[in-house]
Amino acid sequence: MQAFVYLGPGKKALQEHAKPEITSPGDAIVKITKTTICGTDLHILKGDVPSCQPGRILGHEGVGVIDAVGSAVTAFKVGDKVLISCISACGKCAYCRKLMYSHCTTGGWILGNTIDGTQAEYVRIPHADNSLYPIPAGADEEALTMLSDILPTGFECGVLNGKVQPGCTVAIVGSGPIGLAALLTAQFYSPAEIIMIDLDDNRLAVARRFGATSTVNSADGKAAAAVMKMTEGRGVDTAIEAVGVAATFELCAQIVAPGGTIANIGVHGTKVDLHLENLWDRNISITTRLVDTVSTPMLLNTVRSHKIDAKLLITHRFKLAQILEAYETFGHAAESRALKIIIEA
Ligand SMILES: NC(=O)c1ccc[n+]([C@@H]2O[C@H](COP(=O)([O-])OP(=O)(O)OC[C@H]3O[C@@H](n4cnc5c(N)ncnc54)[C@H](O)[C@@H]3O)[C@@H](O)[C@H]2O)c1
Ligand SMILES: [Zn+2]
Ligand SMILES: [Zn+2]
């Protein structure tokens, strides 16, 4: 089969690869129909994710059809259409019993990281019963691809952890796919204001179409002052960090209102300062989270019933044979205006 393989920092290729086989009774083999590229895949290609070693097939998102199941799989059979979660979870360990699937002792974020992933014709999914979701008849598979990672991430790590409530004010720093997913799902709770902050005017224009009440381009270094002015000096109840660099976390700390919450989503590769000398008396909370994908069934219903239009996030489409071109497009989002790219296997 064809597979996109990480070959070490800066090196990648579409290669001929052996088809995966069932290695444990809980496994399923899924024939991929659609997959996509995540910002985290770019982090891996740069060499930022040491757990992902050269030779690994990348990808942790996608939809497909069950090709084979192990003897212990009871929820799925050959031919079923399935949504793949970016998080594999046994459902039985102490973390899974707390619905903290991201920390499953025999799972978590392993797909396209410590085991081969979805940017291929076939993928092996461990703990299939608890890591796959049935695709309802007639559902839009491209839209559902947004449910493997970005929608649950924006919702769980940003909106739920950030305690977004009716009438509150929210700022989301980072208007990439994850920030936009937080923007879409924050609107379940009818916040009064959602301010989106980014360096890219195109992405801010997208954010306004997706429901942002205002946008701030932070390139001039004056975003904190702009947000304080917009909120009459109060700051925001929820500040969601959706970039993963020190400057954007520190911006969240500057604009959070007394009693508010900073919900960090971004993957941080370098040290970030926490200015407790400014924050100690402000009654704030800071949350971090690796997405658990426990909200996937609920989000699936909201996508199916068009409460959110996940397809809005899709800007480009490629075939698996063109995946190198797809990575070029995704990696140069400022020029290509790419958000999510569908790759058809
Ligand atoms: N916690 C989790 O479970 C989880 C899951 C998936 C992704 N992530 C992380 O979420 C983050 C966002 O993911 P994405 O796919 O949307 O990334 P992305 O790179 O596509 O988007 C990031 C956005 O931030 C903007 N940006 C960069 N520097 C900025 C700055 N200094 N000020 C303001 N804006 C700035 C960029 O213009 C871009 O629009 C990444 O760090 C990713 O690794 C976390
Ligand atoms: Zn991802
Ligand atoms: Zn577990």
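Restricting attention to the stretch 99-110, does a residue exist that is more than 16 Å from ligand 3 (Cβ to nearest atom), open to solvent by less than 50 Å² (accessible area, probe 1.4 Å) and under 18 Å from residue 52 (Cβ atoms)?
Among the residues of the stretch 99-110, not one is more than 16 Å from ligand 3 (Cβ to nearest atom), open to solvent by less than 50 Å² (accessible area, probe 1.4 Å) and under 18 Å from residue 52 (Cβ atoms), which makes the answer no.
With the structure loaded, tell me whether residue 159 is within 16 Å of ligand 2 (Cβ to nearest atom), open to solvent by less than 10 Å² (accessible area, probe 1.4 Å) and not hydroxyl-bearing (Ser, Thr, Tyr) or whether it fails that test.
When the stated conditions are applied, residue 159 does not pass them.
What's the total number of residues in the stretch 287-301 that are in contact (Cβ under 8 Å) with a residue 24 or more places away in the chain, open to solvent by 20 Å² or more (accessible area, probe 1.4 Å) and of a type outside the set (Lys, Arg)?
5
Residue 83 is checked against (1) in a loop (DSSP other than H, G, I, E, B); (2) closer than 18 Å to residue 302 by Cβ; (3) open to solvent by less than 10 Å² (accessible area, probe 1.4 Å) and fails just one. What number does that condition carry?
(1)
Inspect all residues belonging to the stretch 277-286 and state whether any of them is open to solvent by 70 Å² or more (accessible area, probe 1.4 Å) and either in contact with a helix residue (DSSP H, G or I) (Cβ under 6 Å, 6 or more places away or on another chain) or under 30 Å from residue 131 (Cβ atoms) (or both).
So far as the stretch 277-286 goes, yes, one or more of its residues are open to solvent by 70 Å² or more (accessible area, probe 1.4 Å) and either in contact with a helix residue (DSSP H, G or I) (Cβ under 6 Å, 6 or more places away or on another chain) or under 30 Å from residue 131 (Cβ atoms) (or both).
Results for (1) more than 16 Å from ligand 3 (Cβ to nearest atom); (2) touching an Asp or Glu at 6+ places or on another chain (Cβ under 6 Å); (3) modelled with pLDDT of 95 or more, shown as yes or no for each residue.
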| residue | (1), (2), (3) |
| --- | --- |
| 5 | yes, no, yes |
| 13 | yes, no, yes |
| 25 | no, no, yes |
| 36 | yes, yes, yes |
| 58 | yes, yes, yes |
| 61 | yes, yes, yes |
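Go through the stretch 162-175 and give me each residue that's open to solvent by 10 Å² or more (accessible area, probe 1.4 Å) and either within 9 Å of ligand 1 (Cβ to nearest atom) or closer than 18 Å to residue 305 by Cβ (or both).
If the condition is that a residue be open to solvent by 10 Å² or more (accessible area, probe 1.4 Å) and either within 9 Å of ligand 1 (Cβ to nearest atom) or closer than 18 Å to residue 305 by Cβ (or both), then no residue fits.
Anything in the stretch 309-345 that is of a type in the set (Val, Ile, Thr) and open to solvent by less than 10 Å² (accessible area, probe 1.4 Å)? List them, or say none.
Residues satisfying the conditions are 323, 341, 342, 343.
So the check is Cβ under 8 Å with 6+ separation or different chains; which pairs have a first residue in the stretch 135-148 that's closer than 14 Å to residue 306 by Cα and a second one that's surrounded by fewer than 24 Cβ atoms within 10 Å (Cβ to Cβ) and acidic (Asp, Glu)?
The qualifying pairs are 143/309.
Against the definition (farther than 30 Å from residue 176 by Cα and either of a type in the set (D, E, K, R) or touching a Leu at 6+ places or on another chain (Cβ under 9 Å) (or both)), how does residue 28 come out, yes or no?
yes
Applying the selection to the stretch 177-204, what residues are open to solvent by 30 Å² or more (accessible area, probe 1.4 Å), among the hydrophobic types (A, V, I, L, M, F, W, C) and away from ligand 2 (no atom under 16 Å from the Cβ)?
Matches in the stretch 177-204: 188, 192, 199.
The values are calculated or read from the model by the stated rules, or taken from the named source; none is laboratory data. This one's a predicted model, so the numbers in the text were calculated from it and none came from an experiment. Note that each Cβ is placed from the backbone with ideal geometry, even for glycine, and that neighbours are counted across all protein chains shown. Protein only, heavy atoms only, side chains kept; ligands, DNA and RNA dropped before computing areas. Shrake-Rupley method; radii C 1.70, N 1.55, O 1.52, S 1.80 Å.
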